[in-house]
Structure formats: structure tokens, C-alpha cells
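Data block below; observations after.
The values are calculated or read from the model by the stated rules, or taken from the named source; none is laboratory data. Keep in mind it's a predicted model, so treat the numbers as computed, not measured. Backbone-built Cβ (ideal geometry, glycine too); neighbour counts: all protein chains shown.
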Amino acid sequence: MSSTVRQREAISEVANPLGLDGIEFIEYATSRPQALGQVLEMMGFKPVARHRSREVLLYRQGRINVILNAHLPQLAGSVSNGEKPWLAAIALRVRDASAAYRRALERGAWAVPTRVEVMELNIPAVHGVGSSRIYFVDRYERFSIYDVDFVPIPGVNPHPPAFAGLHFFGVVQYIGNERTADWTEFYRELFGFSEVPGEQRFGILPKGRILQSPCPAASRFYVQLIEPEAGVLDVEGDEQLQRMAMGTSDVLGTVAHLSGQGVEFVQSKSVHTENRGALTKTWFGGVSFELVHDERV
């Protein structure tokens, strides 16, 4: 192997230390799975599979997978807000899940103990913001994690298309006062994220700091860190993953389509639908979705 090739591979390893390749799934935890499932269907998702042993459903549209977790024994002690659903986890595609997990622990991440039952995969995870988890998944091409843990729903298309090429764009994370630097370092040190220049903004909510994943361009995603408004008391205990963002090449067309399905969008002086993006209303006090203009499909 030439020195040039070795140097190029070394640079690649530094730029993307875990071999990140996008988001595999977003997970919501809820004690009201039917109600939240109806919201997901309004947003264009279809239930395509059920977990073999737990009250967990897989919803999908295009390449976006959303797990709806109502397995109450697993949620006990985690759901502190009663009926309010919450964004409980994000699963990251990686080259080697075990290696990514070990490296994350070496860099200071906290491990999440797993309780694997018969016919279930052991998916390694570390603690994220609040009570959330960050999973590492390396089975996402020909053979996926759903082939083992889930049973397809009969008569349902397992790969329903996404309207207007909807795809994962990223997540919005609420953080405590003066915690932007801490969380920037967390994502940089553990996963190789980089800060997006302040003049480069996405969507219609240009607050906070935006971090870019080191994934290849086609699977790249973003994390937006948002501190409380000036003058608000410290809310560090309320740090959480707030919402998922989906990219679309046609924001206005997507909004019109979803509005026809019953989805309501925020229209106020400061936040309103435009070509750059849109924000849905909030359901059940904790679930909303953001649309962001993105030409990738």
C-alpha cells in the first residue's frame, strides 16, 4: 500500500471515526401507541412490522424508520411525564457496531445495559441527552435488524414510498443554559461532528448551533442545539431530544399534501411555512415534526 493511500485512509478515519452512515431509526416512547400511531400515519408513515415479543411497532416511509415503543416494563422509570410521548432514542448506522460502541466508551460515553431475550439482537447503546439512548447499528443493507426482531404485518407493503422524497434531515435537541459548548464537545469527541458556520442555516428556525455529522454527503444529518430563551431560568433538567426533522425538495408541496391528511402547521409572526421549511403543531404536549428544504432524495 502506498504512503498516499495510507494517509488518505488515516484522514478518513479521523474525519469519521465511527464510520457513521446516517440515521437508521428514531424511537418514540409512549403509553398511547394508537393515538401516536394515528399521528404518524397522518405524517405519511405506515405500520409495517410488529416486534416479536414486545409492544413495539415499526413505522416507515421511504428510508425513514420510526419505532413506536409502548413496552411499559421497559419504559418504567424512564417516562416521567405520564401520558406525554417523548423522543427516546436515535439509532446511528455505523461500519462496525461493536467497534463503534467500544470507541464511544473509550472517549467517555456511558454504556446502556441491555437485556436481550430469545430471538432478539443485542444492539449496543450509550446514553444520550436526558433519558435518551444512542444505538449503533451495522445491519442495514441486505440484512437488517428488523429481520430478526420484527414480524411483517400481513398484506402491508414493507417499503411504502415517501412523499416528495422525504428523508431524515436530523434532530433538534433542547439543552440547558450555557451548555452549547459542552454538547458540541460531546458530539465532536464521540462521533466526529463538526460545527456548521453561523451564516449557513437551514429551515425556518435559525436558533442555536447546528452540528453536521461526518457521514457521506448522501446520508449526512444534523443536530441542532437550542438553549432556553434569554431570561429563562436554568432548565438543564429538561434537556431532551425535542423533535425530528425531515428533508424534502418541495416544502410547500409537502405541506399542502400533509395538510390534506389533517396535519396542522404553525403559522405565527415568527414561525410560518415558507420555501425553506415548516413546523407542525405539537401533539400530546411533546411530538412535533419539522420540514427542511433539502434537495437530496
The range 40-56: number of residues that are under 16 Å from Tyr146 (Cα atoms) and either touching a residue at least 24 places away in the same chain (Cβ under 8 Å) or not in a loop (DSSP other than H, G, I, E, B) (or both): 9
Members of the range 263-297 found to be of a type outside the set (D, E, K, R) and under 21 Å from Leu68 (Cβ atoms), listed by number: Val263, Thr280, Thr282, Trp283, Phe284, Gly285, Gly286, Val287, Ser288, Phe289, Leu291
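May I ask you to list the residues in the range 168-188 that are exposed (fewer than 14 other Cβ atoms within 10 Å of the Cβ) and either at pLDDT 95 or above or assigned to a helix (DSSP H, G or I) (or both)? Don't jump to the end; show me each part of the working.
First, pick out the residues of the range 168-188 that are exposed (fewer than 14 other Cβ atoms within 10 Å of the Cβ): 177-178, 181-182, 185.
Matches in the range 168-188: Ala181, Asp182, Glu185.
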Checking Val151 against (1) among the aliphatic types (A, V, I, L, M); (2) in contact with a strand residue (DSSP E or B) (Cβ under 7 Å, 6 or more places away or on another chain); (3) more than 22 Å from Tyr59 (Cα to Cα), the condition it does not meet: (3)
Members of the range 185-229 that are of a type in the set (S, T, N, Q), closer than 18 Å to Ala15 by Cβ and more than 17 Å from the chain's Cα centre (by Cα): Ser194
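Does any residue of the range 258-269 turn out to be crowded, with 19+ Cβ neighbours inside 10 Å, at pLDDT 95 or above and not assigned by TED's automatic domain parsing to the domain that holds Leu20?
yes
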Any hit, the range 235-254, residues being of a type outside the set (Gly, Ala, Ser), surrounded by fewer than 16 Cβ atoms within 10 Å (Cβ to Cβ), within 20 Å of the chain's Cα centre (by Cα) and not assigned by TED's automatic domain parsing to the domain that holds Glu24: yes
